[in-house]
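So the structure is just underneath, and the comments pick up after that.
The values are calculated or read from the model by the stated rules, or taken from the named source; none is laboratory data. The model shown is predicted, which means the values in this text are computed figures rather than measured ones. Cβ placement follows ideal geometry from the backbone for every residue including glycine, while neighbour counts extend to all protein chains displayed. We work out accessible area using only protein heavy atoms, side chains counted, and drop any ligands, DNA or RNA first. Shrake-Rupley method; radii C 1.70, N 1.55, O 1.52, S 1.80 Å.
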Amino acid sequence: MKTEPKIPIPEFFKGRNVLITGASGFMGKILVEKLLRCCPEIGKIYIILRSRGDKSPKERWDEMTKLPVFDRLKTEYPKHLEKIVVMEGDVAEKDLGLAVHHQIMLEEDVSVVFHSAASVRFDDPLSKAVFLNTRGALESIKLAGRMRNLKCYLYVSTAYSNSHLDVPEIEEKVYPAKYDYNMLIKLLESHAKPEEIEVLAKKIIDKHPNTYTFSKSLAEQVMADYSTKIPIVIVRPSVVINSIHEPFTGWLENLNGPMGIIAGVTKGILRVFLVNENCSLDYVAVDYAINSLIVSAWHKAIAEEREKKQLTIYNCVYGNVRTATFGDIINAGPSVAYDNPYTDVLWYPSIVTTTNTTLFTFLFYILQIIPSLFLDAVLWLFSYKPMFLKISRKIYIASFALQTFSTKIIKFSNRCYQSLWTAVSESDSKIFFMNPPEDITVSDIILLCHLGMRKYYFHESESNLPQARVKFNRLYWADRTLRIFVMGIFTWFSSKYFMNTLSKFVS
């Protein structure tokens, strides 16, 4: 039976000022929205944004608040967005690119820090990944160390920061890194030509699959080193997908991870993929991930002093609760697309998978490159800009970038994280839910992802569904006709070859 904690979560944040880095990202926006809506008496929320083009940080943020993700907040608390204080800065720069007076303001006002800023690109140059993901974490924690009223510093890592390790399961602890982050940062800072370092990038990241996981792993070393000085908690979400409940069902704004796979299959673009269909993909809905951040920060802040000086790590994963294999995702593509197809679907969904890189490359040329050349030729003839070969090239590169995650079985321990589910009161657990719903199946999740992409990413209206279904049905019969034709040609040539060989043998 749960016991009521000393202070409810909304009460803890009452009057407190918070700093959020990465507020312009997918998770960052929802974190801002959730804090403002569910902790209505929170103080100010400071966010750090860069200028972009001719738009100031404030103008950029004002544009972001027009997105649907903030509609519910604006309905329930129309003036709460006024609590946002936008500061110009750049997390990839020293001192986070903040002016001195802004640094002083944060040191005096902030008591909780959520550091979620990161580049999640797998193909970033080493210097860019380290400066943003590792040095950015170092600079933010140095700033947090100067905050007079700091109660908690929360670092958003990734469950795959240690995916290179050959261990039975990735535990909720910091694993030792091969390099010292201070030395690597100084090395990269001292080179006027980063491209010289890039020549050695693969050797430096060693067994890490990419610069993203490498730089996030180094950032965890930063957290470990500073954990005796300030209260730090690391939360490692797995692959973050659409929202299930809040601020509404299905919201997303990118095609990272399984989203890209589902979109590629359902649009008929992805025809071959380098994957082990039996490998499980660990995922977490973005609203559950955000709740885990808020609860983790609260739990660390109200902990006893002895516990505050110990680094806390939560693997925000659900693979041991509900498993989805790549096979589930790929096989569900045609079925979810059949009832809710896109209006611009290229061909009827069908995909071939393999774990053999040589076979994958051969099939890719047959099933992706050749059709792409044909389609681009058609576009060129009608004076349109060719694009399919470019898309296929991106798919090819992405396939190898995802190879570690799509062909390797990776398991996680989340004992500490599951204990957090029962640390909140009954009333708080209804607001900051983390325990996965029992009535939602993997098929439901895949359908939710597809519908969310269709509506919020590709901006397709439900009114277009009848038209899209007619087109999809035509593509189905065109696909079946083509298959019969190809099989007929193959059978004819095979039988002719067989008969010729047989006649030579007889004669």
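Side notes on the structure shown:
- Residues of region 337-368 satisfying the condition of being open to solvent by less than 40 Å² (accessible area, probe 1.4 Å), in a helix (DSSP H, G or I) and either under 28 Å from His459 (Cα atoms) or among the acidic types (Asp, Glu) (or both): Ala337, Gln368
- Looking across region 286-313, the residues that are of a type in the set (Ser, Thr, Tyr) and open to solvent by less than 30 Å² (accessible area, probe 1.4 Å) come down to Tyr288, Ser292, Ser296.
- Hits in region 369-426 (condition: more than 28 Å from Ser163 (Cβ to Cβ), part of a helix (DSSP H, G or I) and of a type in the set (Phe, Trp, Tyr)): Phe374, Trp380, Phe388
- Restricting region 262-281 to residues that are touching a strand residue (DSSP E or B) at 6+ places or on another chain (Cβ under 7 Å) and within 20 Å of Leu448 (Cβ to Cβ), the residue that is surrounded by the fewest Cβ atoms within 10 Å (Cβ to Cβ): Ser280
- Pairing residues of region 43-64 that are more than 17 Å from Leu98 (Cα to Cα) and open to solvent by less than 20 Å² (accessible area, probe 1.4 Å) with residues that are modelled with pLDDT of 95 or more and outside any strand (DSSP E or B), at Cβ distances under 7 Å and at least 6 apart in sequence or on separate chains, gives Gly43/Gly15; Gly43/Arg16.
- Residue in region 478-498 that is acidic (Asp, Glu), at negative phi and touching a residue at least 24 places away in the same chain (Cβ under 8 Å) present: yes
- Among the residues of region 212-243, those identified as open to solvent by less than 10 Å² (accessible area, probe 1.4 Å), of a type in the set (Val, Ile, Thr) and touching a residue at least 60 places away in the same chain (Cβ under 8 Å) are Val222, Ile232, Val233, Ile234, Val235, Ile241.
- Filter result for the condition that a residue is over 23 Å from the mean Cα position of the chain (by Cα), of a type in the set (Ser, Thr, Tyr) and open to solvent by less than 30 Å² (accessible area, probe 1.4 Å), over Tyr153, Tyr181, Tyr175: Tyr181
- Candidate set: region 446-463, residues that are loosely packed, with under 15 Cβ neighbours inside 10 Å and in a helix (DSSP H, G or I); chosen: the one farthest from the chain's Cα centre (by Cα): Ser463
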